[in-house]
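Below is one structure; the comments refer to it alone.
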Amino acid sequence: MERQTIVILPGDGIGEIVMKQALRVLDAAGFETDYIYGDIGWKYWCREGNPLPERTLDLIKKHKIALFGAITSKPNEEAKAELDPSLKDKGFVYSSPIVGLRQHFNLDICVRPCRSYKGNPLNFIRRGRNNEIEEPFIDAVIFRQNTECLYSGVEWTNPPQNVWQAFMTHKKFAENYGNVPPEEVSISARIFTRKATTRILMAAFEYAREKNYPSVTVCEKPNVIRETSGLMWRLAKEIQKTLFPEIKLINTNIDAQMMWLTKNPEDYGVIVAGNMFGDIVSDAFAGLIGGLGFACSAQFSEDGTAVFEPTHGSAPKYADYEISIVNPVAMIESACMMLEYIGKEDISGRIRKAIADVILEGKVRTYDMLRLKGSPDVISQGAASTEQMTDAIISKL
């Protein structure tokens, strides 16, 4: 493939720190590309009243691929208070730039792999039949619909009269809420469309076929949320029957899934869900492989735009430490997903093996892997710094 230009979006807090380390690893692994930096995050909100400037959107539109660190989000009043004085009382309203990216580029397919690293002391363990300790290998890949559901932003407090009247046409709403004053009601719309739901299901089934997963699990709640969850389950059955008959289709309710994933997580491979339940189940599986320090993700649009990011936040308090202690693996893993997307599987494989070798060896562990509280003194307690963990991975390369 021709040389690819990557848009680098470090963002805020530890996003800038882990991005630097990921780029070090890419360079050490021999990945040759052109990087161009985009402006995104809290400082641009404070300076310009926009955490996602139009110039950054233009960069991503042109180059199609972005590697993203993390951003800081704060409640509306706190956000307004930190605006530059010249921007205050000018009508600026803060909104999350990562949500803005998803909406602007219709990044509707989100993929979140959760795979165990052998030797990781944070891996999920359980007691077996004879009271022996078991450590099941977890290899779950969650496909999350990324633009609809409760994240659509279609919601009201004290809904306007036309919205109220529309809801009053529904018998259950009229019976249960018709006597409640509208100013005491908040409504959020859970929206699923056939097109977007079909796309996420097709992506999950195609991935299962390509990677030889025997099943796809739809994790929703169609027995209660009959229209939206029901749509996903109906479409899944149609798609499986007509296009992927060799792949087993499993239906789990989100609440039951939360129980089963701590009983038999090795039974699940590809899981697909709407935005809210996909968010929940992916974080739950991430907890079984070590938490947010190991949780990577990718987001794709129909036109080929792709953004790769760890699922952790900006953790600003850690960014202020003199020596950074955060785990860079999730950011490095996200860069590996990017490499695979652009056809550099060989480089990605070498990096993943280097990470696996460091974790299995067990000589270098960040504070989270040692189950220490995230304070500056963890280095004196034997924890590796962010840079030391990266150095260890590079040495294995």
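Beyond a 29 Å Cα-Cα separation, which of these cross-linked pairs lie in this structure: 344/373; 241/344; 80/317; 20/61; 211/237?
Long pairs (Cα-Cα over 29 Å): 344/373; 241/344.
Can you give the FRET efficiency for residue 163 and residue 224, using 1/(1 + (r/R0)^6), R0 = 22 Å, r = Cβ-Cβ distance, to the nearest 0.05?
My answer for the efficiency is 0.40.
Using helices alone, what [θ] at 222 nm do you get for the chain, with -39,500 (n - 2.57) per DSSP H run of 4 or more residues, divided over all residues and rounded to the nearest 500?
Estimated from H runs of four or more residues: -12000 deg cm²/dmol.
If the chain between residue 323 and residue 370 were fully stretched, how many nm would it gain, using 0.36 nm times the residue separation less the Cα-Cα distance?
Between residue 323 and residue 370, full extension yields an extra 15.2 nm.
Would you work out if the stretch 248-302 is rounded, prolate or oblate? Take a ≥ b ≥ c from the square roots of the eigenvalues of the alpha-carbon gyration tensor; rounded if a/c is under 1.5, else prolate when a/b is larger than b/c, oblate otherwise.
It is oblate, given that a/c is not under 1.5 and a/b is not larger than b/c.
Could you put 258, 338, 331, 369 in order, starting from the residue whose Cβ has the fewest other Cβ atoms within 10 Å?
Least crowded to most crowded, the residues run 258, 369, 338, 331.
Charges on Cβ only, +1 for Lys and Arg, -1 for Asp and Glu, centred on the Cα centroid of the chain; of 281, 260, 310, which one is farthest towards the dipole's positive end?
260
Estimate the FRET efficiency between residue 363 and residue 27 by the formula 1/(1 + (r/R0)^6), using the beta-carbon distance for r and 22 Å for R0, to the nearest 0.05.
Computed FRET efficiency for residue 363 and residue 27: 0.40.
From the square roots a ≥ b ≥ c of the eigenvalues of the alpha-carbon gyration tensor of the stretch 58-195, which class results: rounded (a/c under 1.5), prolate (a/b over b/c), or oblate?
Judged from the Cα gyration tensor, the stretch 58-195 comes out oblate (a/c at least 1.5, b/c at or above a/b).
With N set to the number of residues, divide the alpha-carbon radius of gyration of the chain by 2.2 N^0.38 Å and report two decimals.
Taking N as the residue count of the chain, the ratio is 1.04.
Give the Debye-formula value of log10 I(q)/I(0) at each listed q (0.12, 0.14, 0.18, 0.23 Å⁻¹), with one equal scatterer per alpha carbon of the stretch 196-316, two decimals each.
-0.46, -0.63, -1.05, -1.50
So if I take the alpha carbon set of the stretch 130-181, get Rg, then get Rh from the Kirkwood formula, what is the Rg over Rh ratio?
In the stretch 130-181, Rg relative to Rh is 1.40.
Taking the Cα centre of the stretch 211-279 as origin, work out the dipole magnitude from +1 charges on Lys and Arg Cβ and -1 charges on Asp and Glu Cβ, in debye rounded to 20.
180
May I ask you to sort 99, 326 by Cβ crowding, counting other Cβ atoms within 10 Å and putting the fewest first?
The most exposed by this proxy come first: 99, 326.
Between residue 183 and residue 99, what length in nm is gained on full extension when 0.36 nm per residue of separation is reduced by their alpha carbon distance?
So the chain would gain 27.5 nm between residue 183 and residue 99.
Could you tally the net charge around residue 370, taking each other residue with its Cβ under 15 Å from the Cβ of residue 370, Lys/Arg +1 and Asp/Glu -1?
Summing Lys and Arg as +1 and Asp and Glu as -1 gives +1.
Tell me the trypsin sites (Lys or Arg not before Pro) within the stretch 339-375 that lie in a loop according to DSSP and have at most 13 other beta-carbon atoms within 10 Å.
363, 371, 373
Hey, if you drop one equal point scatterer on each alpha-carbon of the stretch 303-355 and run the Debye formula without solvent, what base-10 log of I(q)/I(0) do you get at q = 0.22, 0.24, 0.28 Å⁻¹?
-0.85, -0.92, -1.06
I'd like the FRET efficiency for residue 237 and residue 174, computed as 1/(1 + (r/R0)^6) with the beta carbon distance as r and R0 of 25 Å, rounded to 0.05.
0.15
For a distance above 17 Å, tell me the whole-number percent of Cα pairs in the stretch 256-377 that qualify.
So the pairs more than 17 Å apart make up 66 percent of the total in the stretch 256-377.
Which whole-Hz ³J(HN,Hα) couplings does the stretch 299-309 yield from phi under the Karplus relation 6.51 cos²θ - 1.76 cosθ + 1.60, θ = phi - 60°, glycine and proline marked x?
10, 10, 10, 5, 8, x, 5, 9, 10, 10, 7
If the stretch 45-110 were replaced by its equivalent ellipsoid, with semi-axes equal to the square roots of 5 times the Cα gyration tensor eigenvalues, what would those be, largest first, whole Å?
25, 13, 10
Would you mind computing Rg(Cα) / (2.2 N^0.38 Å) for the stretch 1-99, counting N as its residues?
Relative to the 2.2 N^0.38 Å estimate, the stretch 1-99 comes out at 1.22.
Placing unit charges on C-beta atoms (Lys and Arg positive, Asp and Glu negative, everything else neutral), compute the dipole magnitude of the stretch 295-365 about its Cα centre in debye, rounded to 20.
340
Assuming a ≥ b ≥ c are the square roots of the Cα gyration tensor eigenvalues, decide whether the stretch 172-257 counts as rounded (a/c under 1.5), prolate (otherwise, with a/b larger than b/c) or oblate.
It comes out prolate by the Cα gyration axes.
Extending each Cα 7 Å along its Cβ direction at residue 345 and residue 194, get the distance between those two points in nm, one decimal.
Each label point lies 7 Å from its Cα, and together they span 3.5 nm.
From the P(r) of the stretch 271-328, could you give the percentage of C-alpha pairs in the tail past 15 Å?
Percent of Cα pairs beyond 15 Å in the stretch 271-328: 62.
Sort 72, 198, 217 by Cβ crowding within 10 Å, fewest neighbours at the top.
198, 72, 217
How big is the charge dipole of the stretch 252-397 about its Cα centre, in debye rounded to the nearest 20, if each Lys and Arg gets +1 on its Cβ and each Asp and Glu gets -1 on its Cβ?
480
Test of understanding: what is the full-extension gain from residue 58 to residue 255, defined as 0.36 nm times their sequence separation minus their Cα-Cα distance?
Additional length available on full extension: 66.8 nm.
Of the options 15, 70, 100, report the single residue whose Cα projects farthest towards the positive end of the charge dipole of the stretch 1-103 (beta-carbon charges: Lys, Arg +1; Asp, Glu -1).
Ranked along the dipole, the leading option is 100.
Just so you know, all these numbers are worked out from the coordinates, no wet-lab data involved. Computed from a prediction, not measured in an experiment: that's the story for all the values here. For neighbour counting, all protein chains shown are included, and Cβ atoms are generated from backbone atoms with ideal geometry for every residue, glycine included.
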